[in-house]
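Engineer: Dumping the structure here so I can ask a few things about it.
The values are calculated or read from the model by the stated rules, or taken from the named source; none is laboratory data. As the structure is a computational prediction, the values presented were derived from the model and not from experiment. Virtual Cβ from ideal backbone geometry, glycine too; neighbours counted across all protein chains shown. These area figures cover heavy atoms from the full protein model, side chains too; ligands, DNA and RNA do not enter into them. Shrake-Rupley method; radii C 1.70, N 1.55, O 1.52, S 1.80 Å.
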Amino acid sequence: MALRMKHIEKGLMIALLIIGGLLMMVPFIWMIGSSFKPENEFTVIPPTLFPSHPTFSNYRDLFVKMDFVIYLKNTLIIVLCSFVGLFLNAMAGYAFAKFDFPGKNKFFYIILATMMIPGQVTMIPTYLIINQLHLVNTMAGIVLPGLVGAFAIFLFRQFMTTIPIDLLEAARLDGAGELRIFFQLMVPIVKPVFAVQGILTFIGAWNSFLWPLIIANDERLYTLSVGLSLLKGQYGTEFGLQMAGAAFMVVPIIIIFIFFQKHIIEGYTISGIK
Amino acid sequence: MFIAPAVILLTLFSIIPIIIALFISFTDMDLVGLADYSSISGAGFANYINIFKDPVFLKSMYNTMIYVVIGVPLVVAASMGVALLLNYGTGWLFKSFRVIYYMPSITNIVAVAVVWGYLYNGSYGLFNYILSIFGLPAQQWLQDPTLAKLSLILLAFWKSIGLNMIIFLAALQGIPRSYYEAAEIDGATGWKKLRFITVPLLGFATFFVTITTLIGWIQFFEEPLVMTKGGPLNATMSMALFIYNNGFQLSKFGYAAAGSFVLFIIIIIVTLIQFAVKKKEVEY
């Protein structure tokens with residue numbers, strides 16, 4: 001009896017989970033389906049979830065009619081730069097975990113405090129600083145402000161503190177330089193954190209929208225998101241093109257996420273949010 | 001040597017900006033001031049006084065309050081519910097649904113806006129079609145002032161379940177199995193286990209999620225920016241969007257900076273209240 005109740009309960013839970021999940025999926029299904037629709041199928045009533053005459057022309061148009069090649073290139077540059085930032089974060093985390101220097105704790109608390117500041121407060125002054133440095137409308141201006149982040153530094157530090165100092169001492173006695181210790185000893189040990197932060201960094205850079213929108217006035221510097229928002233504004237009625245653009249932005253992220261999702265979920269456990 | 005690049009960048013783009021923001025919030029800095037610093041003059045508290053007389057700003061405060069009051073409880077309850085469901089089993093089914101619920105959180109806001117804009121479309125959208133199946137009249141999802149707010153909340157709700165669910169899931173996995181086994185020996189039922197073991201032990205996660213969600217909704221920004229630009233009739237204008245508009249559309253840097261400090265102070269106050277409430281709970 002009790003066992004049967006348990007089965008019914010489990011069945012109910014699964015049913016709830018599936019219904020909720022399908023509802024969450026609706027926009028994605030709608031997007032993918034629509035991205036293959038020819039333009040005349042958008043005004044059909046009732047709307048079709050999947051196209052009756054699928055076509056690739058929307059995707060082709062993104063690259064032929066629009067400048068998505070340039071946007072893609074810019075986005076990939078930002079992704080690459082953000083990985084440099086990832087190493088800077090790791091280095092800072094390493095220093096906080098394993099070195100003693102004056103004001104270490106104060107610096108660390110200040111860095112943590114920066115997490116509290118809303119983006120809207122720093123947005124305008126950061127723009128003024130970038131302007132003062134004559135970096136408006138340059139890739140450097142887009143990339144620099146977001147290069148390092150307090151959360152990543154915090155995560156690297158937390159993880160690196162647990163590594164025994166003897167290991168570093170041993171490497172030093174063997175005559176290894178500090179940079180060599182960092183790259184050949186520390187980096188491999190903290191691979192799990194790199195995995196998590198790497199994915200989050202990639203997602204963040206791939207999706208970067210607001211800052212490039214503010215800093216880049218020139219179409220040559222637009223990212224995919226900015227390009228897509230342009231598409232939304234100028235080609236508001238060309239749904240096929242819009243849906244293909246959206247799918248082009250979303251699908252790679254989902255694929256990467258499915259591959260690495262285990263690491264992300266572990267990452268939250270590592271960071272000690274329990 | 002290891003620390004210098006990160007500290008310099010953080011100082012330059014996080015700490016110095018605060019000081020600059022505070023400074024310019026007391027000036028009349030605008031586009032002219034950007035080109036020629038000598039034309040900037042002090043404004044005292046004028047920005048702060050004017051902003052509280054600005055009907056658009058007051059409207060944005062009201063809207064932000066609506067977003068918070070509806071959005072925060074919805075997101076916290078739903079993400080906890082989903083996490084509990086997902087924690088129920090370990091098979092492939094549960095693992096795949098974990099991915100499905102998380103997916104909206106990692107997707108690009110512009111892409112989301114494009115897709116949802118089409119879902120909400122008055123003539124060809126899916127939502128109105130579904131309504132018509134049930135014989136309900138079509139809605140102007142993004143054009144009706146009241147409905148537009150709710151439409152944006154629905155979108156943001158969809159987008160923010162995933163991340164918070166992961167936090168709850170991590171917390172659930174940290175609860176030792178032995179607690180449940182002990183309770184089962186004492187004859188506790190599923191509901192009792194949930195109420196007396198799981199929910200209390202999720203206390204810290206709930207607190208964390210509530211604070212971050214609350215701060216997130218107070219800064220509600222990207223959804224109205226890309227979906228409605230604050231319209232119709234400023235009905236979806238949030239405080240953060242107001243700051244952005246004044247700063248980057250109208251180039252009233254000093255005024256916008258004052259607005260950003262009002263926002264900052266609200267966030268600090270709300271966070272402090274949260275911590276005070278939390279402390280009381282622990283003592284109890």
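Engineer: What is the mean number of Cβ atoms from other protein chains located within 10 Å of the Cβ atom of each residue in peptide B:89-96, rounded to a whole number?
Structural biologist: Values: counts 4, 0, 1, 0, 4, 3, 3, 2.
What the average comes to for B:89-96 is 2.
Engineer: How about segment B:217-245: which of its residues lose at least 50 Å² of accessible area in the presence of all protein chains relative to their chain isolated, using a 1.4 Å probe?
Structural biologist: SASA drop of 50 Å² or more in segment B:217-245: B:TYR244.
Engineer: Take the Cα gyration tensor of segment B:148-284, multiply each eigenvalue by 5, square-root it, and list the three semi-axes largest first, rounded to whole angstrom.
Structural biologist: Values: eigenvalues 327, 65, 22 Å².
So the equivalent ellipsoid measures 40, 18, 10 Å along its semi-axes.
Engineer: Which of rounded, prolate, oblate describes segment A:65-230, given a ≥ b ≥ c as roots of the alpha-carbon gyration tensor eigenvalues and a/c under 1.5 marking rounded, otherwise prolate only if a/b is larger than b/c? Provide the component values of the computation, followed by the final result.
Structural biologist: On the way: a/c = 2.63, a/b = 1.85, b/c = 1.43.
It comes out prolate by the Cα gyration axes.
Engineer: Just the Cα atoms of segment A:110-152, one point each, no solvent: what log10 I(q)/I(0) does Debye give at q = 0.32 Å⁻¹?
Structural biologist: -1.12
Engineer: Rounded to the nearest 0.05, what FRET efficiency do A:ASP174 and B:ILE8 have when you use their Cβ-Cβ distance and R0 = 30 Å?
Structural biologist: 0.40
Engineer: Pick from B:SER60, B:SER251, B:SER25: which residue has the top mean-square fluctuation in a GNM of chain B where Cα pairs under 10 Å get a spring?
Structural biologist: So, out of B:SER60, B:SER251, B:SER25, the one fluctuating most is B:SER251.
Engineer: With a 1.4 Å probe on protein heavy atoms only, work out how much accessible surface A and B bury together, total over both chains, in Å² to the nearest 100. Please report the intermediate quantities before stating the final value.
Structural biologist: Values: alone 16950 and 16950 Å², together 25920 Å².
What A and B bury together is about 8000 Å².
Engineer: Spin-label point model (7 Å from Cα, Cβ direction): what's the A:THR161 to B:ILE130 distance in nm?
Structural biologist: 4.6 nm
Engineer: R0 = 25 Å: FRET efficiency of A:LYS104 with B:ILE19, Cβ-based, nearest 0.05?
Structural biologist: The computed FRET efficiency comes out at 0.65.
Engineer: Can you pull the mean other chain C-beta count within 10 Å for peptide A:105-113?
Structural biologist: On the way: counts 0, 0, 5, 1, 0, 5, 7, 0, 3.
Mean partner-chain Cβ count within 10 Å for A:105-113: 2.
Engineer: Taking only protein heavy atoms and a 1.4 Å probe, what accessible area per residue, in Å², does chain A have with all protein chains in place? Each step should come with its number before you reach the end.
Structural biologist: Values: 13040 Å² over 274 residues.
Each residue of chain A exposes 48 Å² on average to a 1.4 Å probe.
Engineer: Now for a separate question. Amide H of B:THR27 versus every other amide H placed in the peptide plane: which residues, excluding those fewer than 5 positions away on the same chain, fall under 5 Å?
Structural biologist: Residues meeting the amide H criterion: B:ALA43.
Engineer: Here is a further query. So, how do all the Cα-to-Cα distances of the protein assembly as shown break down into 10 Å bins, in percent, from 0 on up?
Structural biologist: Calculated P(r), rounded to whole percents: 3, 15, 25, 27, 19, 8, 2, 0, 0.
Engineer: Kindly express, to the nearest 10 degrees and within the range 0 to 90, the angle between helix A:191-207's C-alpha long axis and the longest C-alpha principal axis of chain A.
Structural biologist: 40 degrees
Engineer: For chain B, what does -39500 (n - 2.57) per DSSP helix run (n ≥ 4), summed and divided by total residues, give at 222 nm, in deg cm²/dmol to the nearest 500? Could the numbers behind the result be given before it?
Structural biologist: On the way: 15 runs with 194 residues, N = 284.
It lands at -21500 deg cm²/dmol.
Engineer: Average partner chain C-beta neighbours within 10 Å, per residue of A:14-20?
Structural biologist: On the way: counts 7, 0, 4, 11, 4, 0, 8.
Rounded to a whole number, the mean comes out at 5.
Engineer: Could you name the lysines whose alpha carbon sits less than 23 Å from that of A:LYS73, not counting residues in the same chain fewer than 8 places away?
Structural biologist: Partners found: A:LYS65, A:LYS232.
Engineer: Only helical DSSP H runs with n ≥ 4 go in: add -39500 (n - 2.57) per run for chain A, normalise by residue count and round the 222 nm mean residue ellipticity to 500 deg cm²/dmol. All intermediate terms of the calculation are to be shown ahead of the outcome.
Structural biologist: On the way: 12 runs with 189 residues, N = 274.
Computed ellipticity for chain A at 222 nm equals -23000 deg cm²/dmol.
Engineer: Using alpha-carbon pairs under 8 Å, 6+ residues apart, how would you state the relative contact order of segment A:65-230 in percent? Don't jump to the answer; show the numbers that get you there.
Structural biologist: Numbers: 137 pairs, mean separation 73.9, N = 166.
Answer for segment A:65-230 is 44 percent.
Engineer: For chain B, please report how many Lys pairs fall under 29 Å Cα to Cα, leaving out neighbours fewer than 8 apart on the same chain.
Structural biologist: 22
Engineer: Let me ask something else. Using only the Cα atoms of chain B, what semi-axes does the equivalent ellipsoid have when each is the square root of 5 times a gyration tensor eigenvalue? Give whole Å, largest first. Mind showing how you got there, number by number?
Structural biologist: Values: eigenvalues 313, 153, 64 Å².
Output for chain B: semi-axes of 40, 28, 18 Å.
Engineer: Which residue fluctuates most in the GNM of chain B (Cα springs below 10 Å): B:ASP30, B:ASP186, B:ASP54?
Structural biologist: It is B:ASP186.
Engineer: Which distance in nm do the two modelled labels at B:ASP54 and B:GLN140 give, with both placed 7 Å along the Cα-to-Cβ direction?
Structural biologist: A separation of 2.7 nm, rounded to one decimal place.
Engineer: For segment B:15-65, would you read off the P(r) tail past 12 Å as a percentage of all alpha carbon pairs?
Structural biologist: Details: 890 of 1275 pairs.
In whole percent, the share of Cα-Cα pairs in segment B:15-65 beyond 12 Å is 70.
Engineer: Measure nothing but the geometry: give the 0 to 90° angle between the long axis through the Cα atoms of B:145-173 and the longest principal axis through the Cα atoms of chain B, rounded to 10°.
Structural biologist: For helix B:145-173, the angle is close to 50 degrees.
Engineer: Using the Kirkwood radius built from alpha carbon pairs, what does the Stokes-Einstein equation give as D for segment A:42-98 at 37 °C and 0.692 mPa s, in µm² per second? All intermediate terms of the calculation are to be shown ahead of the outcome.
Structural biologist: On the way: Rh = 15.5 Å.
The diffusion coefficient I find is 211 µm²/s.
Engineer: In vacuum, with every alpha carbon of segment B:25-145 counted as one equal point scatterer, what does the Debye formula give for log10 I(q)/I(0) at q = 0.12, 0.20, 0.21, 0.22 Å⁻¹? Two decimals, please.
Structural biologist: Scattering profile of segment B:25-145, log10 relative to I(0): -0.84, -1.19, -1.21, -1.22.
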